[in-house]
Amino acid sequence: MTVVTPFYDKKTQCFSCKHSFSTTKIRSRFVKLSGYDSDFCPLYQADEINPLLYNVSVCPRCGFSYTDDFTAYIPPVLKSELKEKISLHWQPQDYGKLRSYEDAINTYKLAAYCALIKKEKKLTIAGLYLRTAWLYRKTDDQEQERRFINLATHEYIDAYMTDGTSGSLMSETKLLYIIAELLRRQNKIEESVIYLSKVIGKQHLSTEPKIIDMARERWYEIREEYKESKSM
């Protein structure tokens with residue numbers, strides 16, 4: 001009898017060099033979610049059964065790295081830039097097997113660099129930075145977690161100011177909330193409150209009451225922390 005493992009190989013084709021290769025994914029039935037952090041970081045019961053580790057596909061031939069959020073088309077001028085900045089320096093290696101947290105962090109950094117060169121949407125780049133921060137959180141590297149939260153925040157704010165959420169599965173309410181929460185995690189409280197107020201101001205229009213409730217919770221936490229600091 002065949003034993004079904006949590007992992008399986010998925011065939012994919014590199015958007016850049018068109019090389020076909022396999023990369024490891026996790027079967028959804030094995031994923032046990034126990035909750036979320038306040039910035040939507042998923043918490044899994046087993047560290048090794050974490051889909052975040054396998055979100056990025058890395059072409060073993062040219063090094064181009066991408067997720068399902070990337071657009072498949074690469075204009076010729078950007079393909080040349082990818083070759084010049086990544087492929088010509090790439091030492092062939094295979095990220096298609098089981099990954100450690102260090103491996104996964106490397107794949108997200110590669111994907112973020114590729115996304116910047118390819119001029120992916122700011123929301124896509126922000127998501128890569130945020131997930132990198134989540135992985136650093138799991139490894140208890142607070143300095144690098146803060147660094148990538150800061151990078152994600154800048155991209156999310158740029159997205160809000162320019163592209164918005166058009167063509168994305170993320171709502172404006174969720175975007176405003178994540179900006180507020182990431183600012184709060186950097187102790188930029190006044191800026192966080194500005195974005196929280198925007199979220200709460202949408203409560204009569206939003207179809208996401210859970211996010212409105214989360215914004216209220218963060219607002220309450222900030223108010224209580226402010227009261228405590230004044231009483232000390």
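The values are calculated or read from the model by the stated rules, or taken from the named source; none is laboratory data. Because the structure is a prediction, the values reported are computed rather than measured. Counting neighbours? That spans all protein chains shown, and the Cβs are built from the backbone with ideal geometry, glycine included. Just so you know, the surface numbers come from the protein's heavy atoms only, side chains and all, with ligands and any DNA or RNA stripped out. Shrake-Rupley method; radii C 1.70, N 1.55, O 1.52, S 1.80 Å.
I want to confirm something. Restricting to the range 180-192 and keeping residues that are of a type outside the set (D, E, K, R) and buried (at least 18 other Cβ atoms within 10 Å of the Cβ), which single residue is nearest to ALA133 (Cα to Cα)?
Residues of the range 180-192 of a type outside the set (D, E, K, R): 180, 182-183, 186-187, 189, 192.
Cutting the leftovers down to buried (at least 18 other Cβ atoms within 10 Å of the Cβ) gives us 180, 182-183, 192.
Numbers: ALA180: 16, LEU182: 11, LEU183: 14, SER192: 19 Å.
If we take residues in the range 180-192 being of a type outside the set (D, E, K, R) and buried (at least 18 other Cβ atoms within 10 Å of the Cβ), then LEU182 is nearest to ALA133 (Cα to Cα).
Mind telling me which of the residues TYR177, TYR195 ends up being in a helix (DSSP H, G or I), surrounded by 14 or more Cβ atoms within 10 Å (Cβ to Cβ) and without any contact (Cβ under 8 Å) to a residue 24 or more places away in the chain? Spell out the reasoning first.
Values: TYR177 fails: without any contact (Cβ under 8 Å) to a residue 24 or more places away in the chain.
Unique residue meeting the criteria: TYR195.
Given the criterion charged (D, E, K, R) and within 18 Å of THR12 (Cα to Cα), identify the matching residue among LYS97, LYS85, LYS119.
Values: LYS85 fails: within 18 Å of THR12 (Cα to Cα); LYS119 fails: within 18 Å of THR12 (Cα to Cα).
On inspection, the qualifying residue turns out to be LYS97.
Out of everything in the range 95-134 that is out of contact with any strand residue (DSSP E or B) (no Cβ under 8 Å at 6 or more places or on another chain) and not in a helix (DSSP H, G or I), what residue ends up being nearest to GLY167 (Cα to Cα)?
Top of the filtered list is LYS121.
Would you pick out the residues in the range 200-215 that are more than 16 Å from ILE179 (Cβ to Cβ) and either open to solvent by less than 50 Å² (accessible area, probe 1.4 Å) or in a helix (DSSP H, G or I) (or both)? Talk me through it step by step, then tell me what you get.
In the first step, residues of the range 200-215 are kept if they are more than 16 Å from ILE179 (Cβ to Cβ); the result is 203-205, 207, 209-210, 213.
Across the range 200-215, the qualifying residues are PRO209, LYS210, ASP213.
Counting only residues that are within 20 Å of GLY127 (Cα to Cα) and of a type in the set (Gly, Ala, Ser), which one in the range 64-84 is least open to solvent (accessible area, probe 1.4 Å)?
SER65
At pLDDT 95 or above, more than 18 Å from ARG185 (Cβ to Cβ), of a type in the set (D, E, K, R) and under 13 Å from the mean Cα position of the chain (by Cα) - does that describe any residue in the range 122-145? Steps first, answer last, please.
Initially, the range 122-145 is screened for residues at pLDDT 95 or above, giving 122-145.
With the extra rule that they be more than 18 Å from ARG185 (Cβ to Cβ), the set shrinks to 122-125.
Going one step further and asking which of them are of a type in the set (D, E, K, R), we end up with 122.
Next, from what is left, pick out any that are under 13 Å from the mean Cα position of the chain (by Cα): 122.
Scanning the range 122-145 turns up at least one residue that is at pLDDT 95 or above, more than 18 Å from ARG185 (Cβ to Cβ), of a type in the set (D, E, K, R) and under 13 Å from the mean Cα position of the chain (by Cα).
So, in the range 16-47, exactly how many residues are within 25 Å of ILE74 (Cα to Cα) and open to solvent by 40 Å² or more (accessible area, probe 1.4 Å)?
If we filter the range 16-47 for residues that are within 25 Å of ILE74 (Cα to Cα), which is where we start, we get 16-25.
If we keep only those that are open to solvent by 40 Å² or more (accessible area, probe 1.4 Å) too, we end up with 17-20, 22.
Residues flagged as within 25 Å of ILE74 (Cα to Cα) and open to solvent by 40 Å² or more (accessible area, probe 1.4 Å) within the range 16-47 amount to 5.
Of all residues being touching a helix residue (DSSP H, G or I) at 6+ places or on another chain (Cβ under 6 Å) and not charged (D, E, K, R) in the range 140-156, which is farthest from VAL199 (Cα to Cα)? Just the residue, please. Don't jump to the end; show me each part of the working.
Initial filter on the range 140-156 (touching a helix residue (DSSP H, G or I) at 6+ places or on another chain (Cβ under 6 Å)): 144-145, 148-149, 151-153, 155-156.
Narrowing the set further to residues that are not charged (D, E, K, R) leaves 144, 148-149, 151-153, 156.
Numbers: GLN144: 28, PHE148: 23, ILE149: 20, LEU151: 22, ALA152: 19, THR153: 16, TYR156: 15 Å.
Filtering first and then ranking leaves GLN144.
Just one of (1) under 11 Å from the mean Cα position of the chain (by Cα); (2) open to solvent by 20 Å² or more (accessible area, probe 1.4 Å) trips up ALA111, so point out which.
Status for ALA111: all satisfied but (2).
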